[in-house]
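These notes are about the structure you will find just below.
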Amino acid sequence: MKLSLSRRRFAAVSAVAALALSLSACGASDAADGHRVRIGVNGADPEWDVLAKEAKKAGIDVKIVNFDDYQLPNRALADGDIELNAFQHLAFLSQFNARNHTDIVPVASTSVAPMGLYSLKHKKVADLRDGARIAIPNDPSNQGRALLVLQQAKLIELKAKAGIHGTPEDITANPRHLKITPVDAQQTPRALKDTAASVINAGVAEQAGYSTSQAVFHDDPESAAARPYVNVIAARAKDKDTENVRKIVEIYRSATVQAAVRKSAHGARYVLDVPQAELAGELDRLTRQDRG
């Protein structure tokens with residue numbers, strides 16, 4: 001049954017409260033000994049289990065906390081219920097910080113994934129008919145990127161000032177009279193049944209069983225334009241230089257964990273090692289852009 005807006009909000013608050021209770025139940029001694037790191041993820045990829053095993057060898061007890069909502073990992077991090085999270089790109093983080101007055105920062109890059117236009121009815125962009133309905137994610141950062149994908153596919157044109165956070169109102173040309181329909185990012189694969197095509201985040205597409213090769217079009221993950229969409233491991237700013245955070249980043253960069261990352265990516269994610277200072281600079285640029 002579909003939740004109403006108020007019930008969804010209640011569910012989100014309840015989930016955070018439940019998380020806090022479950023984490024505190026782990027025991028005060030665990031929290032105080034300084035050797036536990038809780039990492040929030042969205043869709044626990046196998047590499048996190050590998051990282052946890054490698055971290056244990058270094059004397060760090062890593063707990064992977066899986067969330068099913070894009071907003072919750074940052075809220076939990078800001079509230080101190082977890083020490084790190086790894087689920088978002090820089091554009092999403094910039095928006096979250098701006099809207100919630102939080103100070104969450106990137107400590108390491110993980111990967112960048114192409115965003116694609118998928119269809120169960122058509123095999124190429126040219127097959128889309130006049131008036132076709134296209135689903136796109138409705139959260140600000142993914143929606144802006146989805147519209148850029150449609151522009152790169154030459155289906156629409158956007159205002160130059162739209163940037164990476166454009167909305168359907170920023171469309172200046174729509175020669176095929178496409179009906180752009182924003183939906184929850186997690187619902188974009190399901191929307192394929194009721195639309196001509198859907199723009200789907202690579203991680204969401206992967207979870208739904210679709211590979212990048214199945215997209216009728218996708219953006220270039222290696223281009224400069226994709227830098228805002230580099231996924232990162234994030235921490236509270238005050239914790240970014242702590243010993244545990246530094247060790248977790250080192251372990252993530254180890255050959256063992258990186259091999260697991262590439263294996264689970266199935267070619268759908270491009271693994272990157274961007275210096276922390278460069279990530280911070282890109283986040284600052286996006287933050288200035290968000291503030292206008």
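The values are calculated or read from the model by the stated rules, or taken from the named source; none is laboratory data. Computed from a predicted structure; not experimentally measured. Here the Cβ is made from the backbone with ideal geometry for all residues, glycine too, and neighbour counts use every protein chain on show.
State all residues of the range 95-119 that are in contact with a Ser or Thr (Cβ under 8 Å, 6 or more places away or on another chain), small (Gly, Ala, Ser) and part of a strand (DSSP E or B); if no residue qualifies, say none.
If the condition is that a residue be in contact with a Ser or Thr (Cβ under 8 Å, 6 or more places away or on another chain), small (Gly, Ala, Ser) and part of a strand (DSSP E or B), then Gly116 is the only one that fits.
Give the residue that is farthest from the chain's Cα centre (by Cα), with candidates limited to residues of the range 244-264 that are among the hydroxyl-bearing types (Ser, Thr, Tyr) and either over 18 Å from Leu84 (Cβ atoms) or in a helix (DSSP H, G or I) (or both).
Top of the filtered list is Thr256.
When residues of the range 170-188 are filtered for being under 30 Å from Asp45 (Cβ atoms) and either hydrophobic (A, V, I, L, M, F, W, C) or surrounded by fewer than 21 Cβ atoms within 10 Å (Cβ to Cβ) (or both), how many remain?
7
Considering the range 179-214 alone, what residues qualify as being basic (Lys, Arg) and free of Cβ contacts under 8 Å to residues at least 60 places away in the same chain?
Lys179, Arg190
Of Gln143, Gln151, which residue is closer than 26 Å to Arg269 by Cβ, touching a Ser or Thr at 6+ places or on another chain (Cβ under 7 Å), assigned to a helix (DSSP H, G or I) and not small (Gly, Ala, Ser)?
Testing whether each residue is closer than 26 Å to Arg269 by Cβ, touching a Ser or Thr at 6+ places or on another chain (Cβ under 7 Å), assigned to a helix (DSSP H, G or I) and not small (Gly, Ala, Ser) leaves just Gln143.
Of the conditions (1) among the β-branched types (Val, Ile, Thr); (2) in contact with a Leu (Cβ under 7 Å, 6 or more places away or on another chain); (3) closer than 19 Å to Ala91 by Cα, Thr167 satisfies every one except a single condition; which number is it?
(2)
Hey, can you tell me all the residues within the range 189-209 that are modelled with pLDDT of 95 or more, surrounded by 15 or more Cβ atoms within 10 Å (Cβ to Cβ) and in a loop (DSSP other than H, G, I, E, B)?
Those that are modelled with pLDDT of 95 or more, surrounded by 15 or more Cβ atoms within 10 Å (Cβ to Cβ) and in a loop (DSSP other than H, G, I, E, B): Pro189, Thr195, Ala196.
Which pairs turn up if I take residues in the range 32-55 that are at pLDDT below 95 and look for partners that are of a type in the set (A, V, I, L, M) and not in a helix (DSSP H, G or I) with beta carbon separation below 7 Å, at least 6 apart in sequence or on another chain?
Final answer for the pair search is His35/Ile60; Ala44/Ile64.
Restricting to the range 154-177, and then to whatever is touching a helix residue (DSSP H, G or I) at 6+ places or on another chain (Cβ under 8 Å), modelled with pLDDT of 95 or more and hydrophobic (A, V, I, L, M, F, W, C), can you tell me which residue is nearest to Leu128 (Cα to Cα)?
Applying the filter and picking the extreme gives Leu155.
Can you name the residue in the range 260-284 that is among the charged types (D, E, K, R) and closer than 21 Å to Asp220 by Cα and, of all such residues, is surrounded by the most Cβ atoms within 10 Å (Cβ to Cβ)?
Arg269
Looking at Phe92 and the list (1) assigned to a strand (DSSP E or B); (2) under 22 Å from Val112 (Cβ atoms), which single condition is not satisfied?
Checking Phe92 against (1) assigned to a strand (DSSP E or B); (2) under 22 Å from Val112 (Cβ atoms), the one that fails is (1).
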